[in-house]
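Here is the structure we will look at.
Every number in this text was worked out from the coordinates using simple rules, so none of it is lab data. Note that the structure is a prediction, hence the values are computed from the model and not measured. With ideal geometry, Cβ positions are generated from the backbone for all residues, glycine too; neighbour counts draw on all protein chains shown.
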Amino acid sequence: MDDAKDKDRLLASLMQAAQDGDAAAYSALLRAIVPILRRAVGRTHGRMHPSDVEDVVQDTLVSVHAARATYDPSRPFMPWLMAIARNRAADAARRQIRKASYEDPGQTLPETFPAPETNTFLDGYEDAEALRRAIAQLPAQQRRAIELTKLQELTLSEASAASGMSIGALKVAVHRGIGALRKALGSKA
C-alpha cells in the first residue's frame, strides 16, 4: 500500500514540476505513466486488440498534455490520470461501435472472373439447338416477335415497324412466345 502511495506522490511531484515548466520532469512523468496506462487499459479492456490499447494510451497522453494545467497538486495523481484513461477508452469503444455499425462482416460479394468460361451463367440458355427447334415450333406471330425483340434486340417501336404489328400485339406475342418456350424446354430457359 505504501508503494502505491509513494508512486502516486512521485508522479504528483513530477506533474507539479512539469506545471512549473520543468521539461525533464515532464519527460520523466510521461515515461513513467506509459507502462501504467498500458497495464490499466489492457487489464480493464482485455478484449481490445493490442494496437487499440496503444491508441488509447496515446490518446490519454495527448489528453494529459492538454489538461496538465487542470491537475491540482494537492490531490492524488493516479485517480486524475485513470479518469482521463477511462474517458479515452470509452471514446475508443464508441468509435469502434460506430465503425462496426457501418460494416457487414457477413456480407459476401459476388465473385467475377475475367475468363469468359467462368461466367457461363450469364450467357443464356445452354442448349442452343434445342432453343432453335423450340423457336421454330412457335406460331408465326410469336416466332417473329421473339426473333425481332429478343434475338435481333430491336426496340418495340422498331420491331413494330418491321413486323407490321402494333406495340401492344407485339408485347402479347413476346409474352406468349416466352411462355411457350419455357414449357417446351421444361422451364430451363
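The table below gives the values:
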item	result
Cα-based Rg / Dmax (Å) for the stretch 1-102	14.4, 48
Ranked Asp55, Asp3, Asp127, criterion: other C-beta atoms within 10 Å, fewest first	Asp3, Asp127, Asp55
Karplus (6.51, -1.76, 1.60) ³J(HN,Hα), θ = phi - 60°, over the stretch 131-138, in Hz, Gly and Pro reported as x	5, 4, 5, 5, 5, 5, 7, 5
Gain in span if fully extended, Asp20 to Lys150, counting 0.36 nm per residue against the direct Cα distance	38.3 nm
Added length on full extension, which subtracts the Cα-Cα distance from 0.36 nm per residue, Arg182 to Asp2	56.0 nm
Those residues of the stretch 19-57 whose amide nitrogen sits under 15 Å from the label point placed on Leu10, 7 Å along Cα→Cβ	25-37
Label-to-label distance, nm, for residues given as Arg98 and Asp72 (7 Å Cα→Cβ offset)	3.2
